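Working notes, structure below.
The values are calculated or read from the model by the stated rules, or taken from the named source; none is laboratory data. These numbers come from a predicted model, not from an experiment. Positions of Cβ are generated from backbone atoms using ideal geometry, with glycine treated the same way; all protein chains shown enter the neighbour counts. The protein model used for the area step is the full one, side chains on, heavy atoms only, and it has no ligands, DNA or RNA in it. Shrake-Rupley method; radii C 1.70, N 1.55, O 1.52, S 1.80 Å.
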Amino acid sequence: MPPRDPAQPEPVVRTFRQGSGLAAGGVIAVLSVVFLVLYLVGDRSRGPEPAIWAVVVLLVVWAVLLRPSVRLSEHGVTLRNVLRDVHLTWPAIDLVEARWALTLVTPDGEAYSAWAISAQRPKRAPGPASSGGRINPMQTLSGALDPSRELIDREASAGRVGEEIRRTVDQYALAVSRGDMAEQEVRVDVRPAVTGVVAVALAVALAVFAVLA
């Protein structure tokens, strides 16, 4: 691959993770670190098992809640899952599903799901909720219950991310047809998520050691 022209802007990479997973993982990770620190500076007469379990929790939280993501770039979509990563070029995406989780289907019918992006219940589109500069609770409540208000997908939900992927696939096809972009090869690369596999394997090994110690 030829070196990138420094005058050209960096390729845009968008990364999607759901806030609920990040929040839960962050809280658990912080609590585990606090517990580990208190254990290290306190009474360690109970042996190393408490510290080992804290490390196990940290490894599992990172592998399951913090690392998984969906990345969009000019080269396609990368699904970073717990044990494997999947990269699909734009022409390799034939169908985008969002019923249970974000799922990308190739022209051959192979389906690949994203661990990080699940389906979420849509919400009502925002409507007028104030009167004279003050919030009107009755108007807010009636607006929330109004069935005529449009339902929209939540941020980083399977529906919202799937819509973004569909739009980008269409933009890619248009750019290729205009000659503004070289046509990409239809390719799906599936490879082990090395860091995720190592984290899970280490967590299992430490858990077994703590149980048998």
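Tabulated values for the structure
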item: Most to least accessible of 85, 108, 170, 189 (protein chains only, probe 1.4 Å); result: 108, 170, 189, 85
item: Probe 1.4 Å, all protein chains present, accessible-area order of 100, 53, largest first; result: 100, 53
item: Simple spin-label estimate for residue 209 and residue 190 in nanometres, 7 Å along Cα-Cβ; result: 3.3 nm
item: Sequence-distant residues sharing a close amide H with residue 156 (under 5 Å, placed H); result: 161
item: 3J(HN,Hα) from dihedral phi, the range 175-182, Karplus parametrisation 6.51/-1.76/1.60, rounded to Hz, x for glycine, proline; result: 5, 5, 5, 7, x, 7, 8, 6
item: For residue 174, solvent-accessible area (1.4 Å; no DNA, RNA or ligand), Å²; result: 80 Å²
item: Exposure ranking of 52, 165, 28 by accessible area [1.4 Å probe, largest first]; result: 28, 52, 165
item: Residue 177 accessible area, assembled protein chains, probe 1.4 Å, Å²; result: 90 Å²
item: With DNA, RNA and ligands ignored, accessible area of residue 103 (1.4 Å probe; Å², nearest 10); result: 20 Å²
